[in-house]
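Right, one structure below, let's go through it.
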Amino acid sequence: MNYVENQEVIKNILLETGVITQDDVSEAEDYIRRNNTDVISALIVLNMTTEKEITEKVAEYFGYKTIDISKIRISPTVISQIDETTARKFKIVPVRMEDGNLTIAFSNPLDINLIDNLRLLLKRDIEGVVTDEESINTAMKTYYHTKEIKQDEDRFFSSEEQEGEVKFLEESAERMTSDDAPVIKLVSLMISDAFRMRASDIHLEPLENSFRVRYRIDGVLHEMESPSKDLQSAVLQRVKLMANMSLAEKRLPQDGKIKIKIMNKDIDIRVSSLPSTHGESVVMRILDKSNLLVGLSQLGFAGDIEKRWSELISLPNGVLLITGPTGSGKTTTLYACLNFLNKPETKIITVEDPIEYQLTGINQVQVREDIGLSFSNVLRTCLRQAPNIIMVGEIRDLDTARICMNAAFTGHLVFSTLHTNDAPGGFTRLIDQGIKPFLVASAVKAVLAQRLVRKICANCKEAYDPTKEEIKVLDIKEDISGKKFFKGKGCPKCQNTGYKGRHAIAELIVVDEEIQELVFRNASSMDIKKAAVEKGMRVLKKDAVLKVLSGETTAEEVVRVTKSDI
């Protein structure tokens, strides 16, 4: 808002609404004579009002609501309703769309003709809300592309994808109309927006009366501004086309893959479609290869666990297991280990379903059960290839487990995963699958159980005194008087979640004579856990609490991730 040009109008509004008095104006005028400034600036300097209060009162005077757009995330669907040229010309940002009505934010409520002009220009219903000018400028930088990003957008699809698109338009003109260009743009913006927000998945979910879009960011789903239900079919068709999936097949599940370039990064997107009651539910898994080029130190393990695990992965043979539920970071840890061990003198073979990332210098095999290429069949052949290291995506059956144990006995280092809640459960799961306890006790060298906790956003991190309830639920026994906990207040850099990025928490059981004896006797996982804790193992919850005390994560996050332990 231009205070200088409109200072008399603003001053009168502030007087009329009781924000300031005539005495305040007189004091401000004395200040003006001494400092050569305007009356509104003087009122602000003298702490008689604030820019925020002025914006709110002037907006209210002219019948507008105010909004803090720095605290909301605007979806690409809404942003695409106003082109960049128009947005910059009128200094506006679209913030919401409901039933065809578009809400735009602007910073000058004194421009009484703006909304009417926009209604005429855009030929649609427009509602205005007021925000501060700085937020408008920040939103422009956040949501509208700079020249450099625009160049990346032009290269968004590979030449192969562009050629495929042209071919499709020529061969299937009867299925494509002039209305499809906005849909292509919408899907492109959706993917690039998810990537910039560090989302790992995009969920497109047809509901009875809506078409829901959700992004999974740092392991938590966030609902976004969704396209109209009328666009559901066109959006899903566009995604399936990009993934080379059959457009005609809507009754059976399908899988596909999209290869694209975003901001000079090669990105793979794994696409899965599932027929549901109100249409096909589609999930796009964003696979950024650069996320895997990390060392063990960047995974966030505590120093003692990182050091011990680094020693274990350098063993010449044995089985090393990583356990945890889906989404706990097992694959990332496995690939970090393989990157660490990937040297010219070492032959590494992986057996995966699916291959999520392709790694240079490593032989990767995709399991295909439909043609008989199972984990066990591939593993038998792998052993004849004389590898030093074998990575098995998951031990799913007795045959695969038996071959992994035998490989360890014949001089191979085997990495694999299991779906168990804790580290001791790794031993009992193998025995439940049919492996003899003495084989498990002899072959398995260590089990690492892990989860991922969200890190507090460094930009909006703030300290507070922990409550008694938080200390109790975290089971903190030691005296932490005067100790501060931290949380994220929420800011645009973390999409107002208070979190940005994730770190691993873990519990590690290294097999020694005592643990080996317990496994050999087929002891329960509780007995194994008790013995490991007595020998110094730190359970998942305790490891997570250390990250709370060091200011890396929050008590709330620990409860969310380790509630089964609590």
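List of remarks:
- Gyration tensor over the Cα atoms of the stretch 38-121: the corresponding equivalent ellipsoid has semi-axes (square roots of 5 times the eigenvalues, largest first) of 27, 14, 12 Å.
- Mean Cα-pair separation over length for the chain, i.e. relative contact order, pairs under 8 Å, 6 or more apart, %: 10 percent
- A simple rule links phi to the HN-Hα coupling: the Karplus curve 6.51 cos²θ - 1.76 cosθ + 1.60 with θ = phi - 60°, which for the stretch 260-266 gives 9, 10, 10, 6, 6, 10, 7 Hz, with x for Gly and Pro.
- Based on C-alpha pairs under 8 angstrom that are at least 6 apart in sequence, the stretch 453-566 has a relative contact order of 35 percent.
- Inter-label distance, nm, simple model (7 Å from Cα along the C-beta direction), Gln22/Glu208: 6.3 nm
- Convex hull volume of the C-alpha atoms in the chain, normalised per residue: 208 Å³.
- Peptides 27-38, 316-327 ranked from most to least packed give 316-327, 27-38, packing being the mean of other C-beta atoms within 10 angstrom over each peptide's residues.
- Cβ distances below 4.7 Å define possible disulfide partners, and in the chain the cysteines left without one are Cys337, Cys382, Cys404.
- Spacing of the two label points (7 Å from each Cα toward its C-beta) at Lys484 and Thr85, in nm: 5.1 nm
- Extension gain, Glu369 back to Glu60 (0.36 nm per residue minus Cα-Cα distance, nm): 104.7 nm
- Annotation: amide H of Thr66 within the under-5 Å range of Val130, sequence separation 5 or more or interchain, hydrogens built in the peptide plane.
- Euclidean distance of C-alpha centroids, the stretch 36-61 and the stretch 182-230, integer Å: 40 Å
- Candidate lysines for bridging to Lys89, where Cα separation is under 16 Å - those fewer than 8 sequence places away on the same chain excluded: Lys141
- Calculated on the Cα set of the stretch 289-366, radius of gyration then Dmax: 12.6, 35 Å.
- Calculated SAXS-style log₁₀ I(q)/I(0) at q = 0.18, 0.21 Å⁻¹ - the stretch 178-294, Debye, Cα scatterers: -0.93, -1.27
- Full extension of the chain between Thr50 and Glu513 gives 159.7 nm of extra length, using 0.36 nm per residue less the Cα-Cα distance.
- Other residues with beta-carbon under 9 Å from the beta-carbon of Glu205 carry, at +1 per Lys or Arg and -1 per Asp or Glu, a net charge of +2.
- Compactness index (Cα Rg / 2.2 N^0.38 Å), the stretch 17-70: 1.27
- Cα-based reach from Lys11 at 17 Å (exclusive), listing lysines while leaving out same-chain residues under 8 positions away: Lys52, Lys57
- Subset of Lys307/Lys541; Lys445/Lys529; Lys343/Lys500; Lys477/Lys547; Lys445/Lys530 violating a 26 Å alpha-carbon distance limit: Lys343/Lys500
- The calculated FRET efficiency for the pair Thr37 and Ala463, based on their C-beta separation and a Förster distance of 56 Å, comes to about 0.90.
- Normalised by the number of residues in the stretch 60-141, the mean separation of alpha-carbon contacts (under 8 Å, six or more apart) gives a relative contact order of 36 percent.
- Expressed per residue, the C-alpha convex hull volume of the stretch 497-565 stands at 95 Å³.
- Per-peptide average of other Cβ atoms within 10 Å, ordering 119-128, 499-508 highest first: 499-508, 119-128
- Apportionment of accessible area to carbon and sulfur, the chain, percent (1.4 Å): 48 percent
- Using the alpha carbons alone, the radius of gyration of the stretch 369-420 stands to its Kirkwood radius in an Rg to Rh ratio of 0.95.
- Coupling constants for the stretch 522-538 follow from the phi torsions by the Karplus curve (6.51 cos²θ - 1.76 cosθ + 1.60, θ = phi - 60°), and in residue order they are 6, 5, 6, 5, 5, 5, 5, 5, 4, 5, 5, 5, 4, 8, x, 5, 9 Hz; glycine and proline get x.
- Highest mean packing comes first when the peptides 443-449, 458-464, 224-230 are listed by Cβ atoms within 10 Å, giving 443-449, 224-230, 458-464.
- Helix-only arithmetic for the chain: the sum of -39500 (n - 2.57) across DSSP H runs with n ≥ 4, divided by the residue total, places the mean residue ellipticity at 222 nm at -11500 deg cm²/dmol.
- Protein heavy-atom accessible surface, 1.4 Å probe, per residue over the chain: 49 Å².
- Taking amide H as placed 1.01 Å from N in the peptide plane, the amide H of Ser75 sits under 5 Å from that of Glu225, each at least 5 places away or on another chain.
- For the stretch 130-140, backbone phi angles converted through the Karplus equation (6.51, -1.76, 1.60; θ = phi - 60°) give residue-by-residue couplings of 10, 9, 7, 5, 4, 5, 4, 5, 5, 5, 4 Hz, Gly and Pro being listed as x.
- Cα-based helix-to-principal-axis angle, 303-312 vs the chain, degrees rounded to 10: 40 degrees
- Nitroxide proxy distance, nm - points 7 Å out along Cα→Cβ at Lys493 and Asp475: 3.5 nm
- In the stretch 344-389, inverting the average of 1/r over every pair of distinct C-alpha atoms gives 11.2 Å as the Kirkwood radius.
The values are calculated or read from the model by the stated rules, or taken from the named source; none is laboratory data. It should be emphasised that the depicted structure is a prediction, and the values quoted were computed from it without experimental measurement. Don't worry about glycine lacking a Cβ; one is built from the backbone with ideal geometry, like all the others, and counts go over all protein chains shown. To get the accessible areas, we keep the full protein, side chains included, count just its heavy atoms, and leave off ligands, DNA and RNA. Shrake-Rupley method; radii C 1.70, N 1.55, O 1.52, S 1.80 Å.
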